[in-house]
Ligand code: TXA
Ligand code: MG
């Protein structure tokens, strides 16, 4: 059931989490499907609800760098990145602390992160969200929260409570509603566990900004679909049902239009309005990111036979927009 986020509903949601239930949680990026990361059975419910393959690890949401340090090795890069980008849309992949040195207990020891959450890897993905409801929920639950995007695996990520309900229905015990997500695209996944920093998924924080803060070249691994480092790199992902055609300079028979900027040269005045969505009339990339998933969803249900998408510049958060569009267009 959907409840408006307030002091009471957050306390109720925190109790559900402590009891091993699932909560739809608003964040600044997309809505997450949260469970107590230290409870293996609760984490297993996430995989079941999403139909997510169990080799695909989850992001652990914590209050701050100190809490992340209970579970992962915080290196110099992580400290610098956290100083600039946390709280916010950056996920860091860091080496897991060995269970013996784990202040809160390790592995499936009480207080430690469930092995299932990290899919048995040697690394763990951690993020400190900035959304005040997410922060209040983590604090009230008193445990780190494992939370993937709150959608059925392989479909578009949810940017509103209604999207979560449409995708997961009663598989989630409560959905906390707090309007539309400000950023609208998932966090940047940055692997800081290796020789050099590597972006595994472009997102809310651009690789350029990370380079500047870390003072080193940050690699970008778009992923080999045959052997993805990060399962989000599975090519068929973030997909609407309709075929998506990128870099369109015209609209073909039966197609709806996902525009970026002026549409005057794309469609005539008698083109049905419900078949056109504009990511940003003023070509503002942040506005476009915030609109992307909701607009793809609404065109997906418009009755058109395909979606033509105008080109979006590949700079800043545009890199993340194009990453999602490419995956949406994959047949
Ligand atoms: O913005 C976000 O990150 C949202 C909100 C809810 O926080 N969450 C999200 O989670 O997008 P999810 O599960 O949809 O995506 C997590 C990504 C996946 O691509 C996963 O493979 C990758 O992070 N990941 C998680 N742990 C990893 C690890 N140890 N090594 C490499 N990639 C990892
Ligand atoms: Mg996802």
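The values are calculated or read from the model by the stated rules, or taken from the named source; none is laboratory data. The structure presented is a predicted model; accordingly, all values stated were derived computationally and were not measured. Methodologically, a virtual Cβ is constructed for each residue, glycine included, from the backbone with ideal geometry; neighbour enumeration extends over all protein chains shown.
Residue pairs whose Cβ atoms lie under 6 Å apart, separated by 6 or more positions or on different chains, with the first residue in region 238-250 and within 18 Å of residue 318 (Cα to Cα) and the second in a loop (DSSP other than H, G, I, E, B) and within 16 Å of ligand 1 (Cβ to nearest atom), are 238/156.
Please find, within region 152-171, the residue that is farthest from the chain's Cα centre (by Cα) out of those that are more than 17 Å from residue 134 (Cβ to Cβ) and within 12 Å of ligand 2 (Cβ to nearest atom). Among residues in region 152-171 that are more than 17 Å from residue 134 (Cβ to Cβ) and within 12 Å of ligand 2 (Cβ to nearest atom), the one farthest from the chain's Cα centre (by Cα) is 167.
One line per residue, one yes/no per condition, for (1) modelled with pLDDT of 95 or more; (2) farther than 26 Å from residue 176 by Cα:
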position	(1), (2)
21	yes, no
34	yes, no
42	yes, no
52	no, no
62	yes, no
66	yes, yes
83	yes, yes
110	no, yes
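Does residue 232 satisfy the criteria of being at pLDDT below 95 and assigned to a helix (DSSP H, G or I)? Answer is yes for this residue. Go through region 154-179 residue by residue and tally those that are farther than 23 Å from residue 90 by Cβ and surrounded by fewer than 22 Cβ atoms within 10 Å (Cβ to Cβ). Adding up the residues that qualify gives 12. Of 80, 49, all but one fail to be part of a helix (DSSP H, G or I) and more than 15 Å from ligand 2 (Cβ to nearest atom); the exception is 80.
Here 22, 33 are screened, and the one residue that is within 16 Å of ligand 1 (Cβ to nearest atom), under 18 Å from residue 119 (Cβ atoms), buried (at least 24 other Cβ atoms within 10 Å of the Cβ) and under 18 Å from the mean Cα position of the chain (by Cα) is 33. Among the residues of region 180-195, those identified as more than 16 Å from ligand 2 (Cβ to nearest atom) and crowded, with 24+ Cβ neighbours inside 10 Å are 190, 192. Screening residue 157 against (1) in a loop (DSSP other than H, G, I, E, B); (2) over 23 Å from residue 286 (Cβ atoms) leaves a single unmet condition, (2). Here is a check on your reading of the model: is residue 302 surrounded by fewer than 17 Cβ atoms within 10 Å (Cβ to Cβ), in contact with a strand residue (DSSP E or B) (Cβ under 9 Å, 6 or more places away or on another chain) and in contact (Cβ under 8 Å) with a residue 40 or more places away in the chain? The answer is yes for residue 302.
Conditions tested, residue by residue: (1) crowded, with 17+ Cβ neighbours inside 10 Å; (2) more than 16 Å from the chain's Cα centre (by Cα).
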position	(1), (2)
27	yes, no
61	yes, no
75	no, yes
97	yes, yes
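Scoring residue 299 on the criteria (1) part of a loop (DSSP other than H, G, I, E, B); (2) in contact with a helix residue (DSSP H, G or I) (Cβ under 8 Å, 6 or more places away or on another chain) leaves a single failure, condition (1). Among the residues of region 1-46, those that are part of a helix (DSSP H, G or I) and in contact with a strand residue (DSSP E or B) (Cβ under 8 Å, 6 or more places away or on another chain) comprise 9, 10, 12, 13, 16, 17, 18, 42, 43, 45, 46. Within region 248-267, which residues are in a loop (DSSP other than H, G, I, E, B), within 26 Å of the chain's Cα centre (by Cα) and surrounded by 21 or more Cβ atoms within 10 Å (Cβ to Cβ)? Answer for region 248-267, where residues must be in a loop (DSSP other than H, G, I, E, B), within 26 Å of the chain's Cα centre (by Cα) and surrounded by 21 or more Cβ atoms within 10 Å (Cβ to Cβ): just 260. Here the condition is being closer than 25 Å to residue 167 by Cβ, part of a loop (DSSP other than H, G, I, E, B) and at pLDDT 95 or above; of 294, 288, 304, it holds for 304 alone.
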